Amino acid sequence: MPAVPVSLQHAAQDPTVLLATGLPELDRVLGGGLVRGSVTLLGGEPGIGKSTIVLQLCASIARAGGSCLIVTGEESVDQVGRRAARLGANVEGVMVHADSDVESILAVLDHVRPKLVVIDSIQTMSTASAGSAAGTVGQVRECAQAFTAYAKQHGVASILVGHVTKEGSLAGPRVLEHLVDTVLEFEGDRHHSLRFLRAVKHRFGSTDEVGVLEMTETGLSSVADASQLFLDDRRSGVSGSVIAPLIQGRRPMLVEIQSLVNAVQQPAQLRRLAQGLDSNRLAVVLAVLTKYCGLPFNSHDVYASVVGGIRVDEPGADLALALALFSSRKGTVISSDLVAVGEVGLGGEVRKVSHLSRRLNEVARLGFRRALVPKGSPSGPEGLKLIPVSTISEAVSYS
Ligand code: TYD
Ligand code: MG
C-alpha cells in the first residue's frame, strides 16, 4: 500500500515543552524550555560559563522532579561535585559520569534513562566507529550523530556543549549546526560579568531573543533590567560617550557607546578598533563625518566600543556612534540626559529605525530627558523631548 500524506491542517504538532530550565533568561531564548528528544548545541569560548549554566539548569530540573545526567569528558567527578556544592546544585536527581567513550556512555544512558543528558564537551568524545582521533572534525561529527540518534529514539532532551575559539572556528561544532535542533551561542567578555545567550538556530521557536545573565560568585543569575546595569558604571562629563536605545532580540536596551580619538605623530600606521561594533559600520560613519561634517580623521587613531561586553549589530547605533566620535575628536561632552538613535546613510542623512516607540519608552523609564531621533518620527512618551534631525551635520551640533 502506498504511504498516505498528511493534510497540512493536521501536520503541525505543538512540540511539547518538556522542561523549563529554571533560568528565566534561558527559557526566554528557548521559548519556554527544552523540548523532549531535542538536541541543543551550546557553544561558547572556554571559560564563558557553559559548564556552570548546564549544572544550574540540571539542578533546577532535578528539583522539579526530572532526572539529569551530566557526562563530563573534561573534568573529574570530583571537580564537578565541588562546583555543584559551591553552586548549591548538588541535588539528588543530578548524576555525573566521567567518560568520553560514546558507546559506553550510550550504555549508561540505557541504564539511567534521564530526562536530560548533557555532554560536556562534544570535542572530548570519541567513538570507535570513526577512524580518526578524538577532537578531529570527523570524530566530533560522528559522536554528535550518535547522541542525536539516541535522543530522537528515546525522547531524551540532550545538550551538547561545544568550545568555540575566538576566531569563531568551533574546532568542530560549527559542522554540527545542521545536525541539531537548536544552536545556542553563549558569549560575553570573560573579563566582564555579563553574558549573552542567543539562539542562532531554533527548530521550535524564534531566533530573535537574547538572554542576559550575570556571572556571580554563586553562578549565573538572570538579569531582568539590563539597561540599568549598563548605565550603572557610566561616568558623566567625559567626551566620547553616548547612550543609544537599541533593540536586542525583542527587548529595548540602553547601551553606552564610547569612542576615543587621538591625534598621532605617524599617520602611516593609523589604528581603527571596533569592539562590540561592526568595523565596517565604524568605517562608514568615519567617512560620513569626514565628508559631511568636514571632520577628517586622517591623522588620528580611532577606538570605538560598546560598554559591558555586548555585541551590537543594528544600524540604529550609527547616530550614537557618530556623536561619540565627533565628541571625542572635538573634545566636547555630550549632555548626560541625551540619547541618540538612527541609521546613518552614505549621503549623510539620518534614517528611521524600527520599534522607535519601544526604544523611547525604555529611554523615558531610565530617566533621560531628550532623544535625538530621525526626522518624521512619531512623538515619544511624556516627559521625553524628541529632537528630530534629518542629517548628520544637524545632529553633531548637539555634541
Ligand atoms: P565554566 O562554566 O567552567 O566555563 P566553560 O565551561 O564555558 O569553560 O566557568 C568558568 C568561569 O566562571 C571560571 O573562570 C570561574 C567562573 N565562575 C564564577 O565566577 N562563579 C561561579 O559560581 C562559577 C561556577 C564559575
Ligand atoms: Mg567547561
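Observations, loosely collected:
- Residue 297 vs. criteria modelled with pLDDT of 95 or more, over 22 Å from residue 226 (Cα atoms) and surrounded by 24 or more Cβ atoms within 10 Å (Cβ to Cβ): no
- Condition met for residue 27 (more than 25 Å from the chain's Cα centre (by Cα), acidic (Asp, Glu) and away from ligand 2 (no atom under 14 Å from the Cβ)): no
- Looking across region 88-100 at every residue that is out of contact with any helix residue (DSSP H, G or I) (no Cβ under 6 Å at 6 or more places or on another chain) and modelled with pLDDT under 95, the one that is surrounded by the most Cβ atoms within 10 Å (Cβ to Cβ) is identified as 88.
- In region 278-292, the qualifying residues are those that are touching a Gly at 6+ places or on another chain (Cβ under 8 Å) and touching a residue at least 60 places away in the same chain (Cβ under 8 Å), and the one that is surrounded by the fewest Cβ atoms within 10 Å (Cβ to Cβ) is 292.
- In region 229-253, residue nearest to ligand 2 (Cβ to nearest atom) [restricted to those that are part of a loop (DSSP other than H, G, I, E, B) and more than 30 Å from residue 206 (Cα to Cα)]: 233
- Region 35-65, residues that are under 21 Å from residue 84 (Cβ atoms), out of contact with any Lys or Arg (no Cβ under 8 Å at 6 or more places or on another chain) and more than 16 Å from ligand 1 (Cβ to nearest atom): 62, 63, 64, 65
- Filter pass, residue 333 being surrounded by fewer than 22 Cβ atoms within 10 Å (Cβ to Cβ), at pLDDT below 95 and in contact with a strand residue (DSSP E or B) (Cβ under 6 Å, 6 or more places away or on another chain): yes
- Flag if residue 236 is over 11 Å from the mean Cα position of the chain (by Cα) and surrounded by fewer than 22 Cβ atoms within 10 Å (Cβ to Cβ): yes
- The number of residues in region 74-87 being surrounded by fewer than 16 Cβ atoms within 10 Å (Cβ to Cβ) and either near ligand 1 (Cβ under 10 Å from one of its atoms) or over 30 Å from the mean Cα position of the chain (by Cα) (or both) comes to 4.
- Contacts under 6 angstrom Cβ, first residue in region 69-85 being touching a residue at least 12 places away in the same chain (Cβ under 8 Å), partner assigned to a helix (DSSP H, G or I) and within 12 Å of ligand 2 (Cβ to nearest atom), 6 or more apart: 72/80; 73/124; 74/124; 84/55
- Residues (away from ligand 1 (no atom under 16 Å from the Cβ) and either among the acidic types (Asp, Glu) or more than 24 Å from the chain's Cα centre (by Cα) (or both)) located in region 114-134: 114, 115, 126, 127, 128, 129, 130, 131, 132, 133, 134
- In region 351-399, the residues that are closer than 25 Å to residue 291 by Cβ, of a type in the set (Val, Ile, Thr) and not in a loop (DSSP other than H, G, I, E, B): 373, 387, 389, 391, 392, 396
- In region 36-68, the residues that are over 16 Å from the mean Cα position of the chain (by Cα), over 25 Å from residue 153 (Cα atoms) and either crowded, with 22+ Cβ neighbours inside 10 Å or touching a residue at least 60 places away in the same chain (Cβ under 8 Å) (or both): 51, 52, 56
- Single residue of region 101-140 satisfying the filter (among the polar types (S, T, N, Q) and surrounded by 17 or more Cβ atoms within 10 Å (Cβ to Cβ)) that is nearest to ligand 2 (Cβ to nearest atom): 121
- Number of residues in region 189-228 that are closer than 18 Å to residue 247 by Cβ and within 16 Å of ligand 2 (Cβ to nearest atom) equals 1.
The values are calculated or read from the model by the stated rules, or taken from the named source; none is laboratory data. Remember, predicted model here, so these are calculated numbers, not experimental data. For neighbour counting, all protein chains shown are included, and Cβ atoms are generated from backbone atoms with ideal geometry for every residue, glycine included.
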